[in-house]
Structures are given as structure tokens and as C-alpha cells.
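The values are calculated or read from the model by the stated rules, or taken from the named source; none is laboratory data. What you see is a predicted model; the values in this text were computed from it and never measured. Positions of Cβ are backbone-derived with ideal geometry, glycine not excepted, and every protein chain shown enters the neighbour counts.
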Amino acid sequence: MTYFQKAILTGIPSELPQKQEYDCSINHAPKRKDLLTKEEKKLAIRNALRYFEPKHHAVLAKEFAQELHNYGRIYMYRFRPTYKMYARHIDEYPAKSKQAAAIMLMIQNNLDYAVAQHPHELITYGGNGAVFQNWAQYLLTMQYLAEMTDEQTLVMYSGHPLGLYPSHKNAPRVVVTNGMMIPNYSKPDDWEKFNALGVTQYGQMTAGSYMYIGPQGIVHGTTITVLNAGRKIGNDGLGGKLFVTAGLGGMSGAQPKASNIAGCVSITAEINPKATHTRHSQGWVDEVYSDLKELMSRVEKARTNKEVVSFAYQGNVVDLWEYLAANNIKVDLGSDQTSLHNPWAGGYYPAGLTFEQSNALMAENPSLFKEKVQESLRRQVDAINQLTQNGMYFFDYGNAFLLEASRAEAAVYKEVTSYELQVTNSSSIVNQKFRYPSYVQDIMGPMCFDYGFGPFRWVCTSGKSEDLDTSDRLAMEVLEKLAQNSPVEIQQQMRDNIQWIKGAKENRLVVGSQARILYADAQGRIKIASAFNRAIREGKISAPIVLGRDHHDVSGTDSPYRETSNIYDGSAFTADMAIQNVIGDSFRGATWVSIHNGGGVGWGEVINGGFGMLLDGSETADKNLEMMLFWDVNNGISRRSWARNEGAVFAIKRAMEQNPNLKVTLPNVVDEVVLEKL
Ligand SMILES: NC(=O)c1ccc[n+]([C@@H]2O[C@H](COP(=O)([O-])OP(=O)(O)OC[C@H]3O[C@@H](n4cnc5c(N)ncnc54)[C@H](O)[C@@H]3O)[C@@H](O)[C@H]2O)c1
């Protein structure tokens, strides 16, 4: 048995491991807000000590009190494993259940130093997207997964493994909930408080559901978005056009890479030098500048020569936008991917302060920090408004930029004429007042989600690139075959995705596990998954494959300012779809399911769910994949169709033709004249 295997089976060690140095070379989570009273701090420590034998309590109580004081959270750093954190071959995991081994692999991938944003704080992306709250939860969960059989289900409450429960072979091996709150206790400060108490966590979307595959996951979605945003400003391609945005973090780090794939010139501002360095050293951004003048002369050269190149601006995005506006520089596409779902705790850094000054201020004087963030947002919006008047197409990138800017009283609303007001009242209740669309309203929603296209992904549990190559080839063959008979409504999507999968390998997108993503509809996902399962059965792929998806999908996420922002019947503020999705997946063969409060746009602003499914080549997997993927996509299309979205009505009628057991309630559309007469 290897050291790694022994350590997994040990779980929480009965003797205290050596204390470890706080490693300053690693990107750490910022100090969190200190909201707890003295009594609540005691409660947080009492809660943390539940994981340990009483003989250690005196030592650990002091240590945890210090962590709470220094970092605003108890991470239990001492218990961080000393083995290397990465996704191993599935057979290396000590496990009685292959499905459980696959989940262990995915957990380790989410915490891999090359993948995770703040690996020592168990944060995968988004500044607060946690896999676990502390290292005791990690150790205990891995031990449970190693011990469990296919007749048990592990229950996870916001990172805490509640325990193993008897179930059955076709039940999920793990059921995850993250951040589920009584609705009235779901404000950002509630997260600060209850997370500090150790009773809840922010799972983001794929972090707390073990389905993150590094920025590759988002490169594809971003490529599709940039390509289609480019189609909004003309059909002459993106050569020589300039895209300006911000963020080189977990997800946002994909922007320069995607812009290169889409074929434009891009500038991405990033305030954190470590984040810039990571993306630059990984080859995700081509050149780094901290001098705006120097950067702009390089940009002009690149545009003139129609170079495909990505630049990082090491500095504050507000300074970049103001420089562009002051110098009347033509920008074609604009967006922002700072973490504004988390504006007061490190998601957005105000102008005029260094990175370090901001980190200190947000902990020492949160209200002054908030003022500075809001002032910066107003300045940023003013500069953007000036540039859009000169022809820039700006879109909100699902990071709550317009939402937070509006809360900061930035000039993000447009004047609504009385005619527009009528339209607004009859067909669109929210969001139409913003000057700019969100990328879902204009692009992702009507072009992808309504037709069932969403971020399907897979991970080869052998860790072998040959297996990934085979899977790429199989996926491409499936799509090419389907494209021959695709209706005209989805042909552009099919073409973009065939193009993507053909170039996926040469784009060197793999960070961490051997994983791939592409956008496919229900039919595409099912056919690709069946081809994989067959290849595993026939030994053409050497080990099982994990299927999954981003929660940011057709059916996975209810989020009125993002995924469901192109739903205009008022139901954008309901969350039945995401909940139904996870319940439905769980009894149709998912290997694990998860449901979260709080994804990309913030705690209390979104409910999102997802699944993982292990394809092991078996006939059961064949049946499960067909049954579950069909539901997993068509649930959302049905809901979008009921909201009168034309693409979705088309797609669900097509699905009913393909499967006679599907019978969906279709909407009748009222003639506006009838309403006008009221
Ligand atoms: N559109 C999508 O599909 C999509 C997908 C994922 C995430 N998002 C959203 O985008 C946001 C970013 O996600 P992430 O995972 O990259 O988060 P992240 O926190 O890892 O990265 C954000 C980066 O922005 C930088 N930043 C913050 N303020 C800045 C400023 N004023 N100037 C320059 N840089 C600044 C931070 O240093 C950080 O590196 C989140 O809100 C997320 O929910 C959108």
C-alpha cells in the first residue's frame, strides 16, 4: 500500500500531525470579514473541535482561535495532507466502489495546485468557491469514500460529511448540498457569519460539486460568447478587432485564450500579480504590460497587422478603461469578469489602492472599502459608457457587474421610452432597464440554452492523453454525423463545436485531469456518451470516463441575472427548475448530484445544480446515460418553452418527435391586441 493510500484510509489522524509553515508562495484567500461576536467565536471553535478527540482540544482550540483571528476562518491548516494533490489514475485510489474512487479523483482535481485558486483554503475558483470548509472535512470525506460500497450513499452538507447511509446500486453515491439557507438568511453577510461558524459554505457551481476542470471549462463558453458577440458587430470576422475585459483568475483567466481562439486582439486587466503570473506562465495570455502607454502602442501595432494576440494589463481595470476613454481609443468589444458576485471580500479591487492596501482595508475598515468599490464602479461605468457611444458592444459577463454597478448608483440604466415601457411590461419584467445586455440575454440564452446546447464535459480517469485523444475523435465523429441532418436552427452551433473539438488538442487546454468540454444538445450528449461507453467496454479507452457539466447550463441554474435572464414570464425569480433537475437526475442514474445556493452571481442570487456520472462500459451505464441526460437537458428546454422562448418551443417539439414518451405542456401565445384592449 502506498503512503497516499494509507493516508486516505487513516482519515483524521489520531495523533496530531506536525504543524506546517504558512506557505507564502501559494495564492491565499484574503482575510475574511470579522463579523462574529466573542460568544460566536467560541461557538465556531466548539464547532471545529467536533472533528477531534478531546485529548487534542486544548492545543487545537488555541490554534483555531488564532486562525479565526488571522484569517477570519478556521481552515485547520495543520491537517493539510503532505502528499501531492492531483487527480491520480482511478485504480490508485483505495476504494471498494469504482464510483466512489471517481469522486475522490474529481475532488483531488478540484484541489490540485495547478487548478485551484487558493488550494490551502480549499477554494477552487471565484474567490470563495469551496470544495470543503476545512481540512478535517476533506480527510473524513476521502476516508468515507474509500470505505463505502455501492450499497451506500454519502451525504454532504456544505463540505461536512454527515455520514454513509444504506441505499442501493443505482442510487447516487454522493448527494451534495452547498449553502442551502432559510431564504431570509441568504445575504452576503449571512455567508460571512455562517461560514465563519463552520456550518455552511459557498460551493460556487463546479467547485463544491467536484466538477471543475480548470479554466478549460470556461474557455469554450467564452470562445462561443466572443465569437457570437463578434457576429453582433458584423460578419467580417474578428481579425484586428479589440476586446477589453478584466480578470485573470479561476474562470476569467480563460478570456485571453478564448479571444485568441476567436481570432481577435484582447486586453485583460488583472490587479493580482500572482494571478497574472500564473496565466502568463501557463501560456494563457501572451504578453504582460504594466505601462498603459507602452501597452497601447503595442495594441495599435497588433491591430494594424491583424495579429491574433492577447495582452495582460497588470493593474486596475478602472485605470485601463479611463485611459481608453480619455484617449478616444476604439474598442470593439467590452466586458468584465472581476468577481463582483463577491464585491466586499476580494472579488473587486477599487482603483487608487494597491492590491495589498485593498486586502488590508477590506478587513480593517469594511465600510470604507465598500465606498471605494462603489466609487470605482461608477468611474468604470462612466468610461465604458463613453466608449459604447463610440461603437463598442459591451456585455455583462454574468459576474453581477451591472447588478453591483446599479447598486453603486453607476449610470447603468438606460432611459426607457413609453413604447419600450409597454414592451417591458408585457414581455419582460426585469433587466431590460440596464443599458447593456447580459451575455445570456443576447447570446447564450437565445442561441444555445433555448436549443439545449450547454457545457457538457468529461474526464478520463486513466489520466492518459491517448484516452482523451480517442474521446475527442469519437465526439467529433458523432457531431459530424449528426450535423448532416441538423435543422437549420442549430447548424451554426454544430459547426462551431465541430471546429472546436477539431482544434481542442492543439489549443493545449488541459490543466489538471485529462478533461474536455464542448457544447452539445441532448441528442449530441447522449450519442457522445454512448460512444464513450462502448469504447470503454471494447477496451479502446483504457479506463472509465466521468461525465458532467457546468451548472451554468440549459437546466442546471436558476439565476435571474445570468442563466435565466432571457426568461421573461416572471419565473426568472423562481428556482423550481434547478431543484427538479437534481431530484430528477438523482433517480435516473447519476453517480453524484449537487444543489447549491450561490454561484457566479452571489449568495442568495442563484440556485444551481449538477451531476457527475461514471461511464464504466457497463449496460447499466448505457441505460442511465440515456435516461438521465435526456431529462437533464429537456427539463430546461421545457421550462424555457413554457416561458414562450421560440427556440425552446422548437427544440421541445423536436424532442417530443424523437421520444414518444415525452409529453410537455406547450404555451399558447396571446395576441398583444387582446391585452392592449384591456
Ligand atoms: N460568464 C461566465 O460564463 C462566467 C463563468 C464563470 C464565472 N463568471 C463570473 O466571472 C467572475 C470571475 O470568476 P473567476 O473564477 O475568474 O474569479 P476570480 O476571483 O478567480 O478572478 C477574478 C479576478 O479579477 C481580479 N480583479 C478584481 N478586481 C479587479 C480590478 N479592479 N482590476 C483588475 N483586476 C481585478 C482579481 O484579482 C481576480 O484575479 C465571477 O463573478 C464569476 O461568477 C462568469
Is it the case, given these coordinates, that ASN661 is crowded, with 24+ Cβ neighbours inside 10 Å, at pLDDT 95 or above and either part of a loop (DSSP other than H, G, I, E, B) or touching a strand residue (DSSP E or B) at 6+ places or on another chain (Cβ under 6 Å) (or both)? no
If we keep only residues of the stretch 189-208 that are within 14 Å of the ligand (Cβ to nearest atom) and either aliphatic (A, V, I, L, M) or surrounded by fewer than 19 Cβ atoms within 10 Å (Cβ to Cβ) (or both), then the residue farthest from the chain's Cα centre (by Cα) is ALA207
The correct count of residues that are among the aliphatic types (A, V, I, L, M), part of a loop (DSSP other than H, G, I, E, B) and surrounded by 24 or more Cβ atoms within 10 Å (Cβ to Cβ) in the stretch 510-555 is 2
The correct count of residues that are within 16 Å of the ligand (Cβ to nearest atom) and among the aromatic types (Phe, Trp, Tyr) in the stretch 122-149 is 1
Flagged pairs (Cβ under 6 angstrom, 6 or more apart or on separate chains; first in the stretch 301-321, at positive phi; second part of a strand (DSSP E or B)) are none
All conditions in (1) in contact (Cβ under 8 Å) with a residue 60 or more places away in the chain; (2) in contact with an Asp or Glu (Cβ under 9 Å, 6 or more places away or on another chain) are true of LYS502 except (1)
Expected output for the stretch 26-41 (first residue in contact (Cβ under 8 Å) with a residue 12 or more places away in the chain, partner of a type in the set (Asp, Glu), Cβ below 7 Å, 6+ apart or cross-chain) is HIS28/GLU121; ALA29/GLU121; ARG32/GLU192; LYS33/GLU192; LEU35/ASP189; LEU35/GLU192
A careful count of residues in the stretch 237-274 that are of a type outside the set (Ser, Thr, Tyr), within 14 Å of the ligand (Cβ to nearest atom) and either under 13 Å from SER339 (Cα atoms) or free of Cβ contacts under 8 Å to residues at least 60 places away in the same chain (or both) gives 15
Restricting attention to the stretch 609-651, the residues that are surrounded by 24 or more Cβ atoms within 10 Å (Cβ to Cβ) and among the β-branched types (Val, Ile, Thr) number exactly 2
Is it the case, given these coordinates, that VAL373 is within 26 Å of GLY598 (Cβ to Cβ), within 10 Å of the ligand (Cβ to nearest atom) and assigned to a helix (DSSP H, G or I)? yes
ask   = Any residue at all in the stretch 332-352 that is more than 16 Å from the ligand (Cβ to nearest atom) and more than 28 Å from HIS118 (Cα to Cα)?
value = yes
Picked from the stretch 613-645 (must be among the small types (Gly, Ala, Ser) and touching a Leu at 6+ places or on another chain (Cβ under 7 Å)), the residue nearest to the ligand (Cβ to nearest atom) is SER641
Of ALA326, ALA351, ALA312, the only residue that is of a type in the set (A, V, I, L, M), more than 23 Å from ALA229 (Cα to Cα) and crowded, with 19+ Cβ neighbours inside 10 Å is ALA351
Output yes when any residue across the stretch 23-33 is in contact with a strand residue (DSSP E or B) (Cβ under 9 Å, 6 or more places away or on another chain) and surrounded by fewer than 18 Cβ atoms within 10 Å (Cβ to Cβ), and no when none is.
-> yes
If you go through LYS301, LYS306, the only one that is modelled with pLDDT of 95 or more, part of a loop (DSSP other than H, G, I, E, B) and away from the ligand (no atom under 14 Å from the Cβ) is LYS306
The one condition GLU356 fails out of (1) charged (D, E, K, R); (2) in a loop (DSSP other than H, G, I, E, B); (3) without any contact (Cβ under 8 Å) to a residue 12 or more places away in the chain is (2)
Pairing a residue in the stretch 329-346 that is touching a residue at least 40 places away in the same chain (Cβ under 8 Å) with any residue that is near the ligand (Cβ under 7 Å from one of its atoms) and of a type in the set (Ser, Thr, Tyr), where Cβ atoms lie under 7 Å and the two sit 6 or more apart in sequence or on different chains, gives SER335/TYR397; ASP336/TYR397; GLN337/SER252; GLN337/TYR397; THR338/TYR348; SER339/TYR348; LEU340/TYR348
Expected output for the stretch 453-482 (first residue under 11 Å from ARG516 (Cα atoms), partner among the basic types (Lys, Arg), Cβ below 6 Å, 6+ apart or cross-chain) is PRO455/ARG549; PHE456/ARG525; PHE456/ARG549; ARG457/ARG549; TRP458/ARG516
Exactly one of LEU324, LEU361 is touching a residue at least 12 places away in the same chain (Cβ under 8 Å), away from the ligand (no atom under 13 Å from the Cβ) and assigned to a helix (DSSP H, G or I), and that residue is LEU324
Taking the stretch 249-287 and keeping residues outside any helix (DSSP H, G or I) and among the charged types (D, E, K, R) leaves GLU270, ASP286, GLU287
Take VAL219 and tell me if it is more than 10 Å from the ligand (Cβ to nearest atom), β-branched (Val, Ile, Thr), surrounded by fewer than 24 Cβ atoms within 10 Å (Cβ to Cβ) and touching a residue at least 40 places away in the same chain (Cβ under 8 Å).
no
Screening ALA360, ALA312, ALA345 for residues that are over 23 Å from GLU605 (Cα atoms) and out of contact with any strand residue (DSSP E or B) (no Cβ under 8 Å at 6 or more places or on another chain) leaves only ALA360
The correct count of residues that are closer than 30 Å to TYR202 by Cα, hydroxyl-bearing (Ser, Thr, Tyr) and out of contact with any Phe, Trp or Tyr (no Cβ under 8 Å at 6 or more places or on another chain) in the stretch 308-357 is 2
Would you check if there is a residue in the stretch 277-284 being touching a Lys or Arg at 6+ places or on another chain (Cβ under 7 Å) and crowded, with 17+ Cβ neighbours inside 10 Å? yes
Is it fair to say GLN99 is surrounded by 22 or more Cβ atoms within 10 Å (Cβ to Cβ) and either out of contact with any Leu (no Cβ under 9 Å at 6 or more places or on another chain) or under 21 Å from GLY198 (Cβ atoms) (or both)?
no
Selection from the stretch 353-380 of residues farther than 17 Å from ASP189 by Cβ and β-branched (Val, Ile, Thr) yields THR354
